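Trainee: This is the structure, below, for whatever I ask next.
The values are calculated or read from the model by the stated rules, or taken from the named source; none is laboratory data. Every value quoted in this text rests on a predicted model; they were computed, and no experiment measured them. Here the Cβ positions follow ideal geometry from the backbone for every residue, glycine too, while neighbour counts run over all protein chains shown.
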Amino acid sequence: MNWQGWAEIALTLGLAVLLGWPIGVYMARVWEGRSTWLDPVLRPVERLFYAASGVDPTKGQGWMAYLGALLAFNAAGFFLLYLILRAQGLLPLNPMHFAGMSPHLAFNTAISFVTNTNWQSYSGESTLSNLSQMSGLTVQNFVSAASGIAVAAALARAFAANRGETLGNFWADLTRTTLYILLPISVVFAIVLVASGVPQTLMAHIDAHTLEGAKQGISVGPVASQEIIKQLGTNGGGFFGANSAHPFENPNAWSNLIEEIAMNAVGFGCVIAFGRVAMAGREARALVIAMVVLLVGASAAIYASETRVTPALLHAGVAAAPNMEGKEVRFGAPSTAVWTAMTTGASDGGVNGALESFTPLGGGTAMFMIKLGEILPGGVGSGLYGIVVMAIISVFVAGLMVGRTPEYLGKKIEAREVKYAVLATLILPVTILGFAAVSAVSPIALKSVSATGPHGLTEMLYAYASAVGNNGSAFGGLNANTPWWDTTLGIAMALGRFAYIVPVMAMAGALAAKPKLQPTAGTLPTHGLQFIGLLIGLILILGGLQYFPPLALGPIVEHFQMLSAVSH
Amino acid sequence: MPSAIAKSGSQRAMLGRATRDAFVKLDPRKLTGNPVILATEVVAALATISTIAAVFGHQPILFPLQLALWLWATVLFANFAESVAEGRGKAAADSLRSARVDTMAKLVDPQTGATVPTPAHKLEVGQIVLVEAGDAVPADGEIVEGVASVNEAAITGESAPVIRESGGDRSAVTGGTTVVSDWIKVRVTAGAGSSFLDRMIAMVEGADRRKTPNEIALAVLLAGLTLVFLIVVVTLVGLGAYSGVKLDPVVLGALFVCLIPTTIGGLLSAIGIAGMDRLLKFNVLATSGRAVEAAGDVDTLLLDKTGTITFGNRMATEVIAAPGIPEGAAMRAALMASLADETPEGRSIVQLAREKGVVAEAPADAVSIPFTATTRLSGLEVGSLTWRKGAVDAVCRHLKTERAHLPREVQAAVDRIARSGGTPLAVAEGDRLVGVIHLKDVVKPGVKERFADLRRMGVRTVMITGDNPVTAASIASEAGVDDFLAEATPEDKLRMIREEQGKGRLVAMCGDGANDAPALAQADVGVAMQTGTQAAREAGNMVDLDSDPTKVIEIVEVGKQMLITRGALTTFSIANDVAKYFAIIPALFVVSMPSLGAMNVMHLSSPESAILSAVIFNALIIIALIPLALKGVKYRAIGAQALLTRNLLIYGLGGIIAPFVGIKVIDLIVSSLHLA
């Protein structure tokens, strides 16, 4: 560890928050349907969409109608994507003549991209045609992100409402978020990425003549455009199997920094926008601070853990500091640490290293970040509603201790809100632990696990955590393209996305219908240091309590084994 | 004030009954409302079966037997907590029941007017009964004729009789009270079984107890946590099997019970019952727990000025001498003019003069001049000497002068008094104006501090008065209320409550008059005075047996205390889990994975001892916290943030640390006794 490393971590996080701020201010304008400077160009396009689909964007929807529209849209997206992936062999723009995907892989991949997870049981460059990448995956990269952001917008309106009935119009939110937020920011960032060396072409590969005179085909394609929405939309699905460790996805320190910032900026932006729409700017700032504190903690833990060489290697005299195991030479430990913390905190899932080769605590921290519920700052939109659920539980437990029915942002937190918040938080442990426990004793599942002992357990736990958290990053070492893993991970992704959104939307409906209260001297303030500490404490304690036993059997025991050098 | 309902049976008898009830409550059907304790009971039963199996399988039974016993103890302790809380109410109900004697009522025949002896329980609503001195009032009702003094000790515990009369706000009588003198005719307003006394009994006994909204919300959270830990423990079977760890199902059950929030789960209902009990101690009856909880949430408190904020009578506070008159002379004239005045104002002038050292007796030949509507003056005449006092205009008329011709100093004094919300009275001696008396509404001592406390609690106080806005504003600022409603009619009151509620605020008020009934019904917390009308008592959701309007403040505190206690014990319960993990997880895995021994930070002596100690701690903590659940966490009006910091430190941080210490101590005892 050195000061340059710490400075790099601080700079990256700082820039992400700093950029999130104006993005959030702008997003709030878009959510509220106010004019933006892009109107002259985009307003006609937006109107065209409404006219073509017969949507009245001013017609408010209740929570059920809003949710119904969202689910219907995502279901349609799933079926369309499934068809494209199955039939890509028959479709154009397939220069490498790839065949269609197997049913289970197409099921897994379609769910993966619709749920904003982008878990990839395949390597893009050797599986997908350009048509599948562009019209299938990239489209979902946009609209799955927009769906999450739409839920965040609806929740913000619920807090702003005073005995309100509607939460906005899903179709309008979807259209406006894609057109006014995701597209313009992507265009700008994609150009910057191209400038820093990321390829953008419809060519399939470049033929290179090596020094030995052999001819080598190097895969290229429309990388930059997919790369940027992968980060901005916290999707994480790479063009190449190696994801952002691949030199074409992430060629140098500049592209690395830009991608790191991009994957958190919109997430932070959602929180800021939420604060503006819900008339709770200070409270939103508190949420951002809590997120940043936990991110810094995780980055520091991974950095500290990843710069230390394992005792066994040191003893054998085969390795010296710094510990470069699992890291790209062009990034190094601090960059990899902050990337890993940010990608797991943000439900992005893009990776620039190999988690499998991290130290037990480094990889364990990454896994714990996902298990905290993808709220730091989480997926675009989903992170916001995730942390609001945590804030509601914190306010409920601790808020009672000030002697009032707890309130959050002027809304009383009563049985219905608690019920929906609890239902939402149950999804993660039920799915992760349930599937992992079954897989741990199922011979079919275990055939795909390369490692034995605690490391193998971590591989499985990580896979399900990544799926349910809609993160999509892989720990590695797991051959997930089997019927068992494709199917169960697919189910886990769908549960983690939609079984979470349903109670959140129900909660939004209940909150909107309540009167908006003014704070009094007896109301627990939810913007100060005290609340930030409380929220962090609750997130860590609840997360810890749920996952302590499996963590003990996985990374923790591996850590102690590593220290006593009895590694397998 | 000792109350009949605050008196309860002996401590020993009550604990005996509670212990018995704790066993009765083991019936799983009685635990369906409490998933946490029900889950504990299921695990206890499984542990028992496993112990019996161990007996037949000739395996060591000491460890599973102890675990099973302590798990049963956990359930019993939780049941005991609830029984103790209920016990207090039951004792109070018994003493109330003794007041419900079935008397023969004197039913008045509407045609003949003659009385017909009828058993009280056969009376119907609307019938008229005659109640004479020595009779018990047979049913709740409204006096239609007569006036009587009534002993209401059976209800209020106050043995001094009170006057009840037809018409006005003192016309309600309660079944079970006794007429001490005179007679009254009462129209029955409640049939047998639904009388005030019956409702009281049902309330204190907890027969009517339904879960309050906040209790339901908390129960949902606890059920959710129970489910999470069920998943954690069940999936540990699979994850453990993969890792080559053999897990004893009884030990897994023990881990499950330790993790689920048994502490708050066991004490939750006791906290609610105890909250109602605390109100009873203040001699306030709530019709539902919901009302008590709402009290904690009150944002706006409407208080009648008279009787609550001020003493209710205007009192003389100073006498300002007219120019050229010595101060003593002015005071003496005021005294002389008031000697024969028996009104509270008059007496307060005499009192003020005595305080200033001016004493005078009315001579035997003095003639008192009473107040009349035409003169609007009162006073005293001794021979040719006359003293008069009255409103400034009336005195001017008496002196045949104009107000404008009064000395400038006098006019200034009159204006100043009026502006400050007081009432100026002019005093004339002979045909000379000698001074001005300042009468003012005196704010009760201590109310200002209480309102400041309320403000820190986040409660806004609004004073309701029939006074004009000037007077109202002056008293409002002196008493330190946040707002006032002047020249208020009952309709204004109702409108104000609706307005406040429209802004999302919870409103509390107290009232006694029949015209308060709509407002009492509209308010979220309506405290009716026991001396008030039947209509008011029906409309409110609380009845104050002492008829003390300032009691609302205590009610708010009790409501807050109840919520704080729930939050504190929930936080404590969850925080406890951290230490329990550090005790049990290494113990579970250390045999198969020796390197996890590093996590045994408490250095517990053996895996068995660690598990047993955690289970014992988990059971004993319930017993240890029963007094706190019953007494409630003390509420302090120090503002929400400071209060939370304090409680987080005590119950959050304390909840993390306490079990580390407790489990270690129990482990030392367990291992030294060779129990595990």
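Trainee: Every residue in the range B:271-291 that is more than 17 Å from residue B:634 (Cβ to Cβ) and either without any contact (Cβ under 8 Å) to a residue 60 or more places away in the chain or in a helix (DSSP H, G or I) (or both), please.
Mentor: B:272, B:273, B:276, B:280, B:289, B:290, B:291
Trainee: Can you say whether residue A:540 is hydrophobic (A, V, I, L, M, F, W, C) and touching a residue at least 12 places away in the same chain (Cβ under 8 Å), as far as the supplied structure shows?
Mentor: yes
Trainee: Still on this structure, please answer the following. Identify the residue in the range A:400-415 that is in contact (Cβ under 8 Å) with a residue 60 or more places away in the chain and within 7 Å of chain B (Cβ to nearest Cβ) and, among all such residues, is surrounded by the most Cβ atoms within 10 Å (Cβ to Cβ).
Mentor: Residues of the range A:400-415 in contact (Cβ under 8 Å) with a residue 60 or more places away in the chain: A:402-404, A:406-412.
If we keep only those that are within 7 Å of chain B (Cβ to nearest Cβ) as well, we get A:402-404.
Values: A:402: 27, A:403: 30, A:404: 28.
Applying the filter and picking the extreme gives A:403.
Trainee: Hey, residue A:455 hits all of (1) more than 14 Å from chain B (Cβ to nearest Cβ); (2) assigned to a helix (DSSP H, G or I); (3) surrounded by fewer than 24 Cβ atoms within 10 Å (Cβ to Cβ) but one; which does it fall short on?
Mentor: Residue A:455 satisfies every listed condition except (1).
Trainee: Just to verify a result, which residue in the range A:516-537, among those that are at the interface with chain B (Cβ under 7 Å from one of its Cβ atoms), crowded, with 19+ Cβ neighbours inside 10 Å and of a type outside the set (A, V, I, L, M), is farthest from residue A:461 (Cα to Cα)?
Mentor: Out of the qualifying residues, it is A:522.
Trainee: Between B:80, B:63, B:23, which is assigned to a helix (DSSP H, G or I) and crowded, with 23+ Cβ neighbours inside 10 Å? Full working, then the answer.
Mentor: Numbers: B:63 fails: crowded, with 23+ Cβ neighbours inside 10 Å; B:23 fails: crowded, with 23+ Cβ neighbours inside 10 Å.
Among B:80, B:63, B:23, only B:80 is assigned to a helix (DSSP H, G or I) and crowded, with 23+ Cβ neighbours inside 10 Å.
Trainee: Give the number of residues within the range A:416-434 that are more than 7 Å from chain B (Cβ to nearest Cβ) and either of a type in the set (Val, Ile, Thr) or in a loop (DSSP other than H, G, I, E, B) (or both).
Mentor: Adding up the residues that qualify gives 4.
Trainee: Spot the failing condition for residue A:549; the list is (1) of a type outside the set (Val, Ile, Thr); (2) outside any helix (DSSP H, G or I); (3) within 12 Å of chain B (Cβ to nearest Cβ), and only one is missed.
Mentor: It is condition (2) that residue A:549 fails.
Trainee: Check whether at least one residue in the range A:388-395 is at the interface with chain B (Cβ under 9 Å from one of its Cβ atoms), of a type in the set (A, V, I, L, M, F, W, C), over 13 Å from residue B:214 (Cα atoms) and in contact (Cβ under 8 Å) with a residue 40 or more places away in the chain, and report yes or no. Let's see the steps before the verdict.
Mentor: First pass over the range A:388-395, keeping only residues at the interface with chain B (Cβ under 9 Å from one of its Cβ atoms): A:393.
Narrowing further to those that are of a type in the set (A, V, I, L, M, F, W, C): A:393.
Checking which are over 13 Å from residue B:214 (Cα atoms) leaves us with A:393.
Restricting the remaining residues to those that are in contact (Cβ under 8 Å) with a residue 40 or more places away in the chain gives A:393.
Within the range A:388-395, one or more residues are at the interface with chain B (Cβ under 9 Å from one of its Cβ atoms), of a type in the set (A, V, I, L, M, F, W, C), over 13 Å from residue B:214 (Cα atoms) and in contact (Cβ under 8 Å) with a residue 40 or more places away in the chain.
Trainee: Among B:118, B:51, which is the only one that is of a type in the set (S, T, N, Q) and in contact with a strand residue (DSSP E or B) (Cβ under 6 Å, 6 or more places away or on another chain)? Give the steps one after another, and end with the answer.
Mentor: Numbers: B:51 fails: in contact with a strand residue (DSSP E or B) (Cβ under 6 Å, 6 or more places away or on another chain).
On inspection, the qualifying residue turns out to be B:118.
Trainee: I'm checking my understanding of the structure. Among residues of the range A:440-451 that are in a helix (DSSP H, G or I), hydrophobic (A, V, I, L, M, F, W, C) and more than 9 Å from chain B (Cβ to nearest Cβ), which one is farthest from residue A:548 (Cα to Cα)? First the steps, then the outcome.
Mentor: Step one: list which residues in the range A:440-451 are in a helix (DSSP H, G or I), which gives A:440, A:443-446.
In the following step, the residues that additionally are hydrophobic (A, V, I, L, M, F, W, C) were identified as A:440, A:444-446.
Filter once more, so that each one left must be more than 9 Å from chain B (Cβ to nearest Cβ): A:444-445.
Numbers: A:444: 26, A:445: 23 Å.
Among them, the one singled out is A:444.
Trainee: Let me ask something additional. Under 26 Å from the mean Cα position of the chain (by Cα), closer than 30 Å to residue A:387 by Cβ, facing chain B (nearest Cβ under 8 Å) and not basic (Lys, Arg): does that describe residue A:437?
Mentor: yes
Trainee: Kindly indicate whether residue A:540 is facing another protein chain (nearest Cβ under 8 Å) and not polar (S, T, N, Q).
Mentor: Spelling it out, it is not the case that residue A:540 is facing another protein chain (nearest Cβ under 8 Å) and not polar (S, T, N, Q).
To keep it simple, each residue is scored yes or no on (1) over 23 Å from the mean Cα position of the chain (by Cα); (2) not polar (S, T, N, Q).
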site: A:112; (1), (2): no, no
site: A:122; (1), (2): no, yes
site: A:135; (1), (2): no, no
site: A:156; (1), (2): no, yes
site: A:163; (1), (2): yes, yes
site: A:180; (1), (2): no, yes
site: A:190; (1), (2): no, yes
site: A:205; (1), (2): yes, yes
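Trainee: I would also like to ask the following. For the structure I just gave you, tell me whether residue A:108 is part of a helix (DSSP H, G or I) and touching a Ser or Thr at 6+ places or on another chain (Cβ under 9 Å).
Mentor: Yes; evaluated as a whole, the condition is true for this residue.
Trainee: Taking into account only those residues within the range B:536-564 that are basic (Lys, Arg) and within 12 Å of the chain's Cα centre (by Cα), which is surrounded by the most Cβ atoms within 10 Å (Cβ to Cβ)?
Mentor: B:560
Trainee: Could I ask something else about it? Pick out the one residue from A:492, A:510 that is more than 13 Å from chain B (Cβ to nearest Cβ) and part of a helix (DSSP H, G or I).
Mentor: Unique residue meeting the criteria: A:492.
Trainee: Could you please find all residues in the range B:630-644 being surrounded by 18 or more Cβ atoms within 10 Å (Cβ to Cβ) and within 14 Å of another protein chain (Cβ to nearest Cβ)? Can you show your working first?
Mentor: We begin by selecting, within the range B:630-644, every residue surrounded by 18 or more Cβ atoms within 10 Å (Cβ to Cβ); these are B:630, B:632-633, B:635, B:637, B:640, B:643-644.
Within the range B:630-644, B:632, B:633, B:635, B:637, B:640, B:643, B:644 qualify.
Here's the yes/no breakdown for (1) modelled with pLDDT of 95 or more; (2) assigned to a helix (DSSP H, G or I); (3) under 24 Å from residue A:258 (Cα atoms):
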| site | (1), (2), (3) |
| --- | --- |
| A:320 | no, no, no |
| A:329 | no, no, yes |
| A:336 | no, yes, yes |
| A:342 | no, yes, yes |
| A:351 | no, no, yes |
| A:368 | no, yes, no |
| A:376 | no, no, yes |
| A:399 | no, yes, no |
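Trainee: Next question, about the same structure. Just name the residue that is surrounded by the most Cβ atoms within 10 Å (Cβ to Cβ) out of those in the range B:584-629 that are hydroxyl-bearing (Ser, Thr, Tyr) and within 18 Å of residue B:69 (Cβ to Cβ).
Mentor: Out of the qualifying residues, it is B:613.
Trainee: Looking at B:572, B:660, which one is more than 10 Å from every other protein chain (Cβ to nearest Cβ), in contact (Cβ under 8 Å) with a residue 12 or more places away in the chain and under 34 Å from the mean Cα position of the chain (by Cα)?
Mentor: Details: B:660 fails: under 34 Å from the mean Cα position of the chain (by Cα).
One residue alone meets the criteria, B:572.
Trainee: Take the conditions small (Gly, Ala, Ser), surrounded by 24 or more Cβ atoms within 10 Å (Cβ to Cβ), in a helix (DSSP H, G or I) and more than 12 Å from every other protein chain (Cβ to nearest Cβ) and apply them to residue A:499. Does it pass?
Mentor: No.
Trainee: Please pick out the residue among B:290, B:314 that is among the basic types (Lys, Arg) and within 14 Å of chain A (Cβ to nearest Cβ).
Mentor: That would be B:290, the only listed residue that is among the basic types (Lys, Arg) and within 14 Å of chain A (Cβ to nearest Cβ).
Trainee: Would you mind finding the one in B:349, B:325 that is surrounded by 13 or more Cβ atoms within 10 Å (Cβ to Cβ), in contact (Cβ under 8 Å) with a residue 60 or more places away in the chain, among the β-branched types (Val, Ile, Thr) and assigned to a loop (DSSP other than H, G, I, E, B)?
Mentor: B:325
Trainee: Also, I was wondering about something else. Kindly indicate the residue of the range B:296-311 that is away from chain A (no Cβ under 14 Å), in a loop (DSSP other than H, G, I, E, B) and not small (Gly, Ala, Ser) and also farthest from residue B:565 (Cα to Cα) among those meeting that condition.
Mentor: As a first pass, look at the range B:296-311 and keep what is away from chain A (no Cβ under 14 Å): B:302-311.
With the extra rule that they be in a loop (DSSP other than H, G, I, E, B), the set shrinks to B:305, B:307-309.
Subset that is not small (Gly, Ala, Ser): B:305, B:308-309.
Numbers: B:305: 33, B:308: 30, B:309: 31 Å.
Across the range B:296-311, the extreme among qualifying residues is B:305.
Trainee: Give me the residue from the range B:494-523 that is at pLDDT 85 or above and buried (at least 24 other Cβ atoms within 10 Å of the Cβ) and, out of that set, farthest from residue A:405 (Cα to Cα).
Mentor: Across the range B:494-523, the extreme among qualifying residues is B:519.
Trainee: Is it true that some residue in the range A:463-471 is modelled with pLDDT under 90 and either under 25 Å from residue B:241 (Cβ atoms) or facing chain B (nearest Cβ under 8 Å) (or both)?
Mentor: no
Trainee: Looking at the structure I just gave you, is residue A:359 more than 30 Å from residue A:163 (Cβ to Cβ) and surrounded by 24 or more Cβ atoms within 10 Å (Cβ to Cβ)? Can you show your working first?
Mentor: On the way: more than 30 Å from residue A:163 (Cβ to Cβ): yes; surrounded by 24 or more Cβ atoms within 10 Å (Cβ to Cβ): no.
Considered against the rule, which asks whether it is more than 30 Å from residue A:163 (Cβ to Cβ) and surrounded by 24 or more Cβ atoms within 10 Å (Cβ to Cβ), residue A:359 comes out as no.
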